[in-house]
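Reading through the structure tokens given below for one structure.
The values are calculated or read from the model by the stated rules, or taken from the named source; none is laboratory data. The structure presented is a predicted model; accordingly, all values stated were derived computationally and were not measured. Note that each Cβ is placed from the backbone with ideal geometry, even for glycine, and that neighbours are counted across all protein chains shown. The accessibility values were calculated without ligands, DNA or RNA, using every heavy atom of the protein model including side chains. Shrake-Rupley method; radii C 1.70, N 1.55, O 1.52, S 1.80 Å.
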Amino acid sequence: MRREPKTSRYLVVIGLTLVMTAGSLVGSTAAHAQMVDSGTFSLVSDPGDPLGHGQSYSYSAAAGDQLDVTSRTGEALDVSVHGRNGDSWTLNLQMASQRPMSPGTYSVDKEYPSNSFSEPAMSVTDGGFPCRGVVTGSSFTISAIDYGPTPGYIRGLDASFSLHCGGIAPALHGVVHIANAPAPLVAVALSLGVPDPQNPGRVQHQLDPRDPIQQGTMVIPTATVTPAISAYVNFRYDDNFPLSGGWDGLGVAHGSPIVPNPGFHTFTMTLTPTDWAYPAITPAAVLPVMVVSAPPVLSMSATPASPVTAPDTGSPDPITLTIGGIPRDTPGSVRIYDGTTDLGPADTFSSSAGTATKSVVLSPAPVPHGLIAVFTPAAISALAQTSAVVPYSMLPCTCGIRGYVPLNTNNTIPPFAGGLSLQLAPGTHAHLTQVDPTTAAGHPVQATDPTQHRHAWVFTGSLDRVAVVDTRPDQPGWTLTGQASAFVNGTTTVSAVELGWAPQLQTTGSDAEGSVTPGPQVNPRMQQGNSLIGLQSGSVLGSASPGSGLGTQNLRADLTLWIPDTSPTGTYVSTLTLTLISP
């Protein structure tokens, strides 16, 4: 910080005027300027400038200089500096037409304050000596501004300005940076107290809000506001009757004393801050209160009788409450409370008999429940009537003395993934035997010959001892297919389209889970008369859908081979290839 010696100046403190409304004021009577948590204020004065005298100045909250900012309602703001060396400065900025302060560069010809609000205004005060007169040619720039939670609270500000005091060319240039923490939230605690006999407007001691109040007891609603901001506090009784009150200047407000009638009531306090940094209205604080008749008018009994032990598992059994002593033939309603918790209206109510019943389920608790019945007459002028507090103990389960032994183990084996395999018995082969050629079944007409002059020899056999073993826990499924090569006898070849099969599942030795199905039957071409049949291109022997097939599945197939009856004698050899696939 650099500053030329000069004569003494007086620090100007700007007061803030608040508009008062009905209610009790808690906290100070005026909103103070907001102290800056982190910020800097620097000035550079041109030679000939009457305010800065051609010097440079620098101030920082971190260095011990005090910086304050006041925003009011958003269209104007003040930044004041009280340097640790005794310097003081105040910067005042004002928008045109009462618009909120927002980023931009604004030309200024009017000195602050400007009552017309027709154009922006600005002023800088040096230790109580402001720049008077015209400021033609001046300007200020708002690079960034952050309000929160109201336009009266500045969380962040980046601004610069140039002030031509008296409209002359030399100017005072400045830069402002402010970074504040969010405004603290307002907390309100509402309670009831008993007035001091020597000073009825003051509280002698506080009441426990969980305990019912006896009829005839005078109470004082008390609100504690944190932080102790400037605000108006309004008390109400049952949301209908306003209560006047006062404040002690330390964040505590008291409503006027009142003697509440028997029954269930609420005390409500609303807070209207007058400090610009806080929202205009804070949600109301509500305190429920139960006032019992003295002496009690209603009677109430419980079945089963207290105490009851809650079961080890599940909800406790319902408790039946029976209310008597209700004025007969008097219209009204009956409600049941557990302390100040509303358990709802009576299940049954006989006005002629003056009785009511209610079934309730009470949660286990270490202290007794305080059950109260309240009869509220329909006539507005009549007072509510209550029972005495009926203590009812729903004890937590006493299920014996339990000991707990921790169990653990260490699994060193990776998760089992399982596997898929195709198993063929050693020496597995298929031998096809010729059907008696002197019979029609052994010497049929070829279906591929439209003249029906050509015939075929027929051979049959079986494929056995084929198994699919799937041990994969996720069961993705599988498909087993078969494809045969051509039959060869010396120089003679018979295409595999003349080999067909009829797949089957074998139950013996199989334990595969889920849906496993055999493949379709395929006939030789000369038998079927279709060029796309047979096992030349392959066909399904069996398959398991996803989610099935875990375990072992044995399969087999009946084989049929047709060859022209003009084929030479000899042994015809082919190879059947089985392929097992899975996703």
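Kindly report, to the nearest 10 Å², the accessible surface of SER306 as traced by a 1.4 Å probe over protein heavy atoms only.
50 Å²
Set the Förster radius R0 to 56 Å, insert the Cβ-Cβ distance between ASN411 and ARG210 as r into 1/(1 + (r/R0)^6), and round the FRET efficiency to 0.05.
That pair, ASN411 with ARG210, gives E of 0.60.
May I ask you to derive the FRET efficiency for THR313 and HIS429 from their Cβ-Cβ distance with R0 = 56 Å, giving the value to the nearest 0.05?
0.30
Pull out the extension gain between SER160 and ASP474, defined as 0.36 nm times the separation in residues minus the alpha carbon to alpha carbon distance; nm, one decimal.
Result: 106.1 nm gained on full extension.
Work out how much length ALA228 to SER537 would gain on full extension: take 0.36 nm times their residue separation and subtract the Cα-Cα distance, in nm to one decimal.
Length gained between ALA228 and SER537: 102.1 nm.
May I ask you to compute the full-extension gain from ALA144 to GLU513, defined as 0.36 nm times their residue separation minus their alpha-carbon distance, rounded to one decimal in nm?
Taking 0.36 nm per residue and subtracting the Cα distance, the gain is 125.8 nm.
Sequence-distant or interchain residues sharing an amide H contact under 5 Å with GLY547, placed H: which?
GLY477
Mind checking the per residue accessible area of the chain for me, 1.4 Å probe, whole number of Å²?
Dividing the accessible area of the chain by its residue count gives 50 Å².
How large is the Kirkwood hydrodynamic radius of region 53-177, in angstrom, based on all distinct alpha carbon pairs?
Radius from the Kirkwood sum: 14.8 Å.
If you compute Cα extents along the principal axes in Å for the structure shown, which of (i) 84, 51, 45; (ii) 137, 93, 54; (iii) 79, 62, 44 do you land on?
It is the one labelled (ii).
Relative contact order for the chain using alpha-carbon pairs under 8 Å, separation at least 6, rounded to a whole percent?
9 percent
How do LEU432, LEU395 rank by accessible surface area computed with a 1.4 Å probe, from largest to smallest?
LEU395, LEU432
Pull out a ≥ b ≥ c, the square roots of the eigenvalues of the alpha-carbon gyration tensor of region 508-560, then state rounded if a/c is under 1.5, prolate if not and a/b is larger than b/c, and oblate in the remaining case.
Prolate.
Please arrange ARG155, ARG556 by accessible surface area, largest first, computed with a 1.4 Å probe and ligands excluded.
Accessible-area ranking of ARG155, ARG556, largest first: ARG155, ARG556.
5 Å is the cut-off here: which amide hydrogens, built 1.01 Å from N in the peptide plane, fall below it relative to GLY354, excluding neighbours closer than 5 in sequence?
Amide H to amide H, under 5 Å and 5 or more residues apart or across chains, GLY354 pairs with ASP329.
Starting from the amide H of ARG454, placed 1.01 Å from N in the peptide plane, find each other amide H under 5 Å away whose residue is 5 or more places distant or on another chain.
Under 5 Å from the amide H of ARG454 lie the amide H atoms of GLN446, each far enough along the sequence or on another chain.
Keeping all protein chains in place and using 1.4 angstrom, which order do ILE220, ILE380 fall into by accessible surface area, from largest down?
ILE380, ILE220
Just how much of GLU498 is accessible, in Å², when a 1.4 Å probe is used and the result is rounded to the nearest 10?
Estimated to the nearest 10 Å², GLU498 gives 10 Å².
Carbon and sulfur atoms: what percent of the 1.4 Å accessible area of the chain do they account for?
Carbon plus sulfur share of accessible area: 56 percent.
Note down the accessible area of TYR572, probe 1.4 Å, to the nearest 10 Å².
Result for TYR572: roughly 40 Å² accessible.
At a Förster distance of 35 Å, what's the computed FRET efficiency of ALA96 paired with ALA187, Cβ-Cβ distance as r, to 0.05?
0.35
Simple spin-label model, 7 Å along Cα-to-Cβ: HIS443 to ALA378 in nm?
Those two pseudo-labels are separated by 11.2 nm.
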